[in-house]
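Rule-based calculations on the coordinates, nothing more; no lab input. Because the structure is a prediction, the values reported are computed rather than measured. As a convention, Cβ positions derive from the backbone with ideal geometry for all residues, glycine included, and neighbour counts pool all protein chains shown.
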Amino acid sequence: MSRSLLRTISIPVAAVVIGLLIGAVLIVTQDASPATAYKALLIGGAGDSDAILRTLQKATPLIFGGLAVAFAFKAGMFNIGGQGQLLVGAVFAAGVGFGIDGLPMVVHLPAALLAGAIAGAIWGGIAGGLKATTGAHEVIVTIMLNFVAGNLTDWLAANPWKDNSGSNIVARTPLVEDSAVIPTLGAVPVGFLLAVVTAAICWMVLERTTFGFEVKSVGHNRHAADYAGIRVGSIMAMTMAVSGLLAGLGGAVESLGVDGRFEAGVNVGLGFEGITIALLARANPLGVVPAALLVGLMEAGAARMQFKSGVAPELIDVIQALILFLVAAPIILRWILRMRHDSSEQVQLGAGWGKS
């Protein structure tokens, strides 16, 4: 293993270890055993095929959300609109999933996934286009678009696309057709495999293509990139569109592979968790997968940990917050571990904050 790779993974690994150690102290303060709690957490997230399935189902949208944020990071942009992009992707994928029948799976399922991806790309592209043409800050625009997306998808699920079967009063769409359901191979959802392949594709695009080079050049110094002849505005717009596409695809997989429909309020927070995943992965597309698996396992095993050890269910959220804090503020970890600073480890966000 190269020294540069070791430096790259040292911060997130140290953050996880220290976060778990602090969590153990908090468990002790609740008169519980850290060993019992963490054993229950591990069994709840990976103890059998059902537990593994739950973990992979929870990790799948986190991978897509993490990739969305990480891809934007590479261009020095902060896509905080993953939640809205995920929602529109989820509802439009569900719309195609239940609105068309009689199609074979090889046509219907890709069409529904494509609808979600395109919806997310359009939603992300709005922010990117405004950034490129008017200088509007992507953080402000994506936050506002989150609210628009939330209300739009709630309205669609409660009115024109509402499930009116039986005595249903919940704002949700009908179940998608069987031909649009993402299957499961044993304990492994096909959606998870799609997420892993997507992560590999994102890495290849960023590291092996001209577009990826231009994205990273804009992220490092957009003024130098402009001087070198790179179309900075176009790259920013395209980057946000790709970022939105990834988040929208995550929403589509959630609707087609986990929920079987879109229901208002069910996917709240998934898009924002992508920020946690991207930071934990140090904006590396390949690192997003293990980061999402870790968070997915913690969320899948949280209920069992609470039941077996008696700790508060919010403890998992506290541990995740500690890990995120330590990753986002690596100077603290370097002080604790006496690590030397390496500027190559920094997640490039400078170009997206206050620089036009």
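General observations
- FRET efficiency estimate (nearest 0.05) - Cβ-Cβ, ALA328 to MET105, R0 45 angstrom: 0.60
- With the convex hull constructed from alpha-carbon coordinates only, the stretch 51-182 shows a mean projected area of 9.8 nm² over all directions.
- Dipole axis of the chain (+1 Lys, Arg; -1 Asp, Glu on Cβ), positive-most option in PRO160, GLY125, LEU53: GLY125
- For the stretch 141-220, the Cα-based Rg and Dmax, in that order, read 19.5, 56 Å.
- Over the stretch 211-278, the ratio between the Cα radius of gyration and 2.2 N^0.38 Å evaluates to 1.50.
- Over all other residues within a Cβ to Cβ distance under 14 Å of LEU256, the charged ones net out to -4, with Lys and Arg as +1 and Asp and Glu as -1.
- Formal net charge of residues neighbouring ASP317 (Cβ-Cβ distance under 15 Å; K, R +1; D, E -1): -2
- Ranked by how many other Cβ atoms sit within 10 Å of their own Cβ, fewest first, the residues LEU280, LEU67 fall in the order LEU280, LEU67.
- The chain: most fluctuating residue of ARG231, ARG282, ARG172 per GNM, C-alpha cutoff 10 Å: ARG231
- Intensity falloff of the chain expressed as log10 I(q)/I(0), Debye formula with alpha-carbon point scatterers, at q = 0.10, 0.13, 0.15 Å⁻¹: -0.63, -1.03, -1.29
- Counting only residues at least eight positions apart within a chain, or on another chain, the lysines with an alpha carbon under 20 Å from that of LYS39 are LYS58, LYS308.
- GNM top mover of THR210, THR153, THR60 - the chain, alpha-carbon springs below 10 Å: THR210
- The chain - mean residue ellipticity at 222 nm from DSSP helices (-39,500 (n - 2.57) per run, n ≥ 4, rounded to 500): -24000 deg cm²/dmol
- Mean projected area in nm² (Cα convex hull; one quarter of hull surface) for the stretch 242-315: 6.0 nm²
- Under-5 Å amide H pairs with THR184, H placed in peptide plane, nonlocal only: VAL190
- What you get for the chain, charging only the Cβ of Lys and Arg (+1) and of Asp and Glu (-1), is a dipole of about 1140 debye around the Cα centre.
- With 0.36 nm allotted per residue and the present C-alpha distance subtracted, the ALA228-PHE211 stretch has 4.7 nm of extension available.
- Spin-label model distance (nm) - ASP48 vs ALA158, 7 Å beyond Cα toward Cβ: 4.0 nm
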